[in-house]
Amino acid sequence: MERRKLKVFLDSNVILFGLISDHGSPRLILDLLSLGLPILQGVTGRFNLTEIERNIARKFPAALLVLDEYLPRLDLEIVPVPFLDELEPSRGAVDDKETPVLASAAMGKADFFVTGDKRLLSQISRQSAFTVRSLGPTDFLDRILPDILAGMGPEKENER
């Protein structure tokens, strides 16, 4: 029986900081995804990629080449921009600018939502409509890295 991949939705800030820094949790997450491990699948939204490209072009134009080179290595599943009706479950629970991000994570059927935005994590924790497990990058690595290193697949993760 083929193992189901653990799907990890990466918020824009995780990808951006992982690209511009050669250390830290965001970079380690990107490095793990670039290994092509059979139990781990990165996911992000088209909305997120547009935000990343805009921020890199504005703040770090030299890093556009890094983005073009590194992004294909991650083999991310890209979720299309949500339609208005797909935004409704998250509307009002988080800042309006974050609604498409949460909708994308839900549409991508992510097991984890990883963001470095502490305010967003706090908003998510106060509501029950968002069922994806939400963690900061370091907490995600603390939670999942021992299982990956031990060779534990998602089916055992779900037993916890």
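Here, each number is a calculation from the coordinates, and none is a lab measurement. Everything numeric here is computed off the predicted structure, so don't read it as measured data. Reconstructed Cβ throughout: ideal geometry from the backbone, glycine too, with neighbour counts over all protein chains shown.
General remarks:
- Only Lys, Arg (+1) and Asp, Glu (-1) charged, at Cβ; the range 1-76 dipole about Cα centre in debye: 220
- Total lysine pairs whose alpha carbons fall under 16 Å of each other in the chain (8 or more apart, or interchain): 5
- Relative contact order of the range 6-157, defined on C-alpha pairs under 8 angstrom at six or more residues apart (%): 30
- Under 5 Å, built H, 5+ apart or other chain: amide partners of residue 45: 79
- Computed over the chain, the per-residue total of -39500 (n - 2.57) for DSSP H runs of n ≥ 4 gives a 222 nm mean residue ellipticity of -14500 deg cm²/dmol, rounded to 500.
- Assigned charges on the beta-carbon of Lys, Arg, Asp, Glu; the range 6-157 dipole about Cα centre (debye): 280
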